[in-house]
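*Asks:* Structure in structure tokens, see below.
The values are calculated or read from the model by the stated rules, or taken from the named source; none is laboratory data. Just so you know, these numbers come straight off a predicted model, no measurement behind them. In this analysis, Cβ positions are derived from the backbone assuming ideal geometry, glycine residues included, and neighbour counts consider all displayed protein chains. SASA here: full protein model, heavy atoms, side chains in, ligands and nucleic acids out. Shrake-Rupley method; radii C 1.70, N 1.55, O 1.52, S 1.80 Å.
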Amino acid sequence: MSLTFHWFLPTNGDSRHVVGGGHGTPATASGRDRPPTVAYLSQIARAAEDLGFVGALTPTGAWCEDAWLTTAMVSQNTERLKFLVAFRPGFVSPTLAAQMASTFQRQTGGRLLLNVVTGGESHEQRAYGDFLDKDDRYRRTGEFLEIVRELWDGKTVDVAGEHLRVEDAKLARLPDPVPEVYFGGSSPIAGEIAAKYVDVYLTWGEPPAQVAEKIAWIRGLAAKEGRTIRFGIRLHVITRDTSAEAWAEANRLLEGFDPETVKSVQAGLARSESEGQQRMLALHGGSRDGLEIHPNLWAGIGLVRGGAGTALVGSHEEVAERIKEYAALGIEEFVLSGYPHLEEAYWFGEGVLPRLAAEGVWQHPVGEQRASAAQVPFAG
């Protein structure tokens, strides 16, 4: 088995400092250091493509640029990289979304992956005209995915659901290939939706024991539906030639956190309805102390950023070992990021991936030529 690695397009801006935002909190001022222009995001995307990342996640929400439009533009400056487009099903009709996905596949040569985000913050959803509560949003997501999948199968769809209704819906052209659906959620109803409809269940970077519990939970639910699901994890990375260098970088980032910003962000995130976000907050409790919550797993990012709040920190060898630890639990896909995203892609791609290739757990997606070149570990 070859592990799959994805990178991240910072459509909320990039910096040598952590750019906060997400889950109802605005992007911090550091996001203006490197604005998310198509030119800069394309530079990151081309680097990720060359290094061997399969895809790149783009976030969704009021704190960042629109993922569909941005990736459509960036895709024209890349050749192989796939785009894991995050979108909220309540904001667009299922028939239109199925059509958009089909168009994206044709215009990019089949490079779309979909990250379905139900939306954990009611106040942010209401800003977009969505007034359902959280559980109803998940129920609507289930109806949405059922309709979309039937449309992608070439069926004519008539559905009168609790939240969605379509009549005589049909696609003139089907997507080829059908985009894989990625999805995350820690609440009971999220697990039910994942078990029925998704291809890859994503978890944020919790300690291995907690990740193992999630995997067992979703596997059990999927088995009851007669389905098998793959698993992925969302993490930041700080990897250097030595452990001391990596932790020095983590401490530099931590020193750049303004206390008032931390206080404001934590107060905002404490109101989050997302169970996953509350699990992230519990890892650090808003404190700068005791942030290494598992060997090489650092919870500092979550002090100023909503959503994914943990990072793998260490030497290239240590980070590779932690990746293998998660892989042993059943994690097959890793969605990674780091500040700044251009430079950190190279640190990971030239430092960690060659070591994983040498151990036979990763291969460059282009083929044997690049994979063999990656056998020699980066020593810079």
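*Asks:* Restricting to helices (runs of 4 or more DSSP H) lying wholly in region 1-114: which have 1 or more residues that are among the acidic types (Asp, Glu) and touching a Lys or Arg at 6+ places or on another chain (Cβ under 9 Å)?
*Replies:* Counting at least 1 such residues, we get 38-51.
*Asks:* Given the conditions (1) surrounded by 14 or more Cβ atoms within 10 Å (Cβ to Cβ); (2) of a type outside the set (A, V, I, L, M); (3) touching a helix residue (DSSP H, G or I) at 6+ places or on another chain (Cβ under 8 Å), which single one is not true for Tyr128?
*Replies:* (1)
*Asks:* Out of the residues in region 281-297 meeting the condition of being among the charged types (D, E, K, R) and surrounded by 13 or more Cβ atoms within 10 Å (Cβ to Cβ), tell me which one is nearest to the chain's Cα centre (by Cα).
*Replies:* Only one residue fits best here, namely Glu292.
*Asks:* Give me the pairs, please: first residue somewhere in region 280-291 and without any contact (Cβ under 8 Å) to a residue 60 or more places away in the chain, second residue anywhere and open to solvent by 40 Å² or more (accessible area, probe 1.4 Å), beta-carbon distance under 8 Å, and either six or more positions apart or on two chains.
*Replies:* Leu281/Ala270; His284/Gly290; His284/Ile293
*Asks:* When both residues are 6+ apart or on different chains and their Cβ atoms are under 8 Å apart, which pairs have a first residue that lies in region 255-275 and is farther than 15 Å from Ile301 by Cα and assigned to a helix (DSSP H, G or I), and a second that is among the hydroxyl-bearing types (Ser, Thr, Tyr) and open to solvent by less than 80 Å² (accessible area, probe 1.4 Å)?
*Replies:* Note: pairs meeting the criteria are Gly268/Thr25; Glu275/Ser186; Glu275/Ser187.
*Asks:* Working only within region 329-346, note down all residues that are open to solvent by 10 Å² or more (accessible area, probe 1.4 Å), assigned to a helix (DSSP H, G or I) and in contact with a helix residue (DSSP H, G or I) (Cβ under 8 Å, 6 or more places away or on another chain).
*Replies:* Within region 329-346, Leu329, Leu342, Tyr346 qualify.
*Asks:* Which of (1) buried (at least 18 other Cβ atoms within 10 Å of the Cβ); (2) closer than 24 Å to Gly232 by Cα is the odd one out, the single condition Ala169 does not satisfy?
*Replies:* Here Ala169 clears every test but (2).
*Asks:* So Val262 ticks every box in (1) within 27 Å of Ala56 (Cβ to Cβ); (2) in contact with a Lys or Arg (Cβ under 9 Å, 6 or more places away or on another chain) but one. Which box is left unticked?
*Replies:* Val262 satisfies every listed condition except (1).
*Asks:* Only residues in region 322-337 that are under 21 Å from Ala48 (Cα atoms) count as the first member; pair them with residues that are open to solvent by 20 Å² or more (accessible area, probe 1.4 Å) and among the polar types (S, T, N, Q), Cβ under 8 angstrom, at least 6 apart or cross-chain, and list the lot.
*Replies:* Once the first residue is under 21 Å from Ala48 (Cα atoms) and sits in region 322-337, its partners that are open to solvent by 20 Å² or more (accessible area, probe 1.4 Å) and among the polar types (S, T, N, Q) give Glu332/Thr4; Glu333/Thr4; Phe334/Thr4.
*Asks:* Return yes or no: is Thr118 at pLDDT below 95, within 17 Å of the chain's Cα centre (by Cα) and open to solvent by less than 20 Å² (accessible area, probe 1.4 Å)? Spell out how you get there, then give the answer.
*Replies:* Working: at pLDDT below 95: yes; within 17 Å of the chain's Cα centre (by Cα): yes; open to solvent by less than 20 Å² (accessible area, probe 1.4 Å): yes.
Criteria met by Thr118.
*Asks:* Working only within region 347-371, note down all residues that are among the hydrophobic types (A, V, I, L, M, F, W, C), modelled with pLDDT of 95 or more and either within 27 Å of Asp14 (Cα to Cα) or assigned to a helix (DSSP H, G or I) (or both). Let's see the steps before the verdict.
*Replies:* Looking only at region 347-371, we keep the residues that are among the hydrophobic types (A, V, I, L, M, F, W, C), and these are 347-348, 352-353, 356-358, 361-362, 366, 371.
Cutting the leftovers down to modelled with pLDDT of 95 or more gives us 347-348, 352-353, 356-358, 361-362.
Correct list: Trp347, Phe348, Val352, Leu353, Leu356, Ala357, Ala358.
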